[in-house]
Amino acid sequence: MLVMVSSILFSNRIIASSGESNSSQSYTFVLTHLLDKKLTKDAYFTVGNLKVWELDFRNGEKIKYTIISMNEDNPMCGITAKDNFGDTCEICITKISGDNTKVEFKYNGKRLTYKGYLLR
């Protein structure tokens, strides 16, 4: 499924930093665990053919990631973004099994690893 999502998202070689897009199609990942600990409330991470991706903790807190660059060879990994706090990070979304996914945010050597699944 993740391969299909990445194919759909980036089949037209859409690079968010170019500011050009044909549509604003998006996908949401439900994040259930952080660093292997169950989250009190599932978070939603919305990605896609969007200039800004959003991590919604569903408690009033949201982090918005403005996409700076992407890796054309691996469109779901090697994504450089700047969050709404002004910090730059690298985002990587990988398929674990079935619809289960891992979403990593790397900030200056620190890694936040979420686990969850693609919302259908």
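The values are calculated or read from the model by the stated rules, or taken from the named source; none is laboratory data. Everything numeric here is computed off the predicted structure, so don't read it as measured data. Backbone-built Cβ (ideal geometry, glycine too); neighbour counts: all protein chains shown. The accessibility values were calculated without ligands, DNA or RNA, using every heavy atom of the protein model including side chains. Shrake-Rupley method; radii C 1.70, N 1.55, O 1.52, S 1.80 Å.
Identify, by number, the condition in (1) modelled with pLDDT under 95; (2) closer than 22 Å to Leu119 by Cβ that Glu20 doesn't meet. For Glu20, the failing item is (2). Residue check: Asn74 meets all listed conditions (1) touching a Phe, Trp or Tyr at 6+ places or on another chain (Cβ under 7 Å); (2) modelled with pLDDT under 95; (3) not aliphatic (A, V, I, L, M) but one, namely (1).
Are any residues in the range 82-101 in contact with a Lys or Arg (Cβ under 9 Å, 6 or more places away or on another chain) and of a type outside the set (D, E, K, R), and if so, which ones? If the condition is that a residue be in contact with a Lys or Arg (Cβ under 9 Å, 6 or more places away or on another chain) and of a type outside the set (D, E, K, R), then Asn84, Thr88, Cys89, Ile91, Cys92, Ile93, Thr94, Ile96, Asn100, Thr101 are the ones that fit. Among the residues of the range 95-104, not a single one is assigned to a loop (DSSP other than H, G, I, E, B) and open to solvent by 80 Å² or more (accessible area, probe 1.4 Å).
Could you please let me know if Asp87 is at pLDDT 95 or above, farther than 18 Å from Thr28 by Cβ and open to solvent by 60 Å² or more (accessible area, probe 1.4 Å)? It is true that Asp87 is at pLDDT 95 or above, farther than 18 Å from Thr28 by Cβ and open to solvent by 60 Å² or more (accessible area, probe 1.4 Å).
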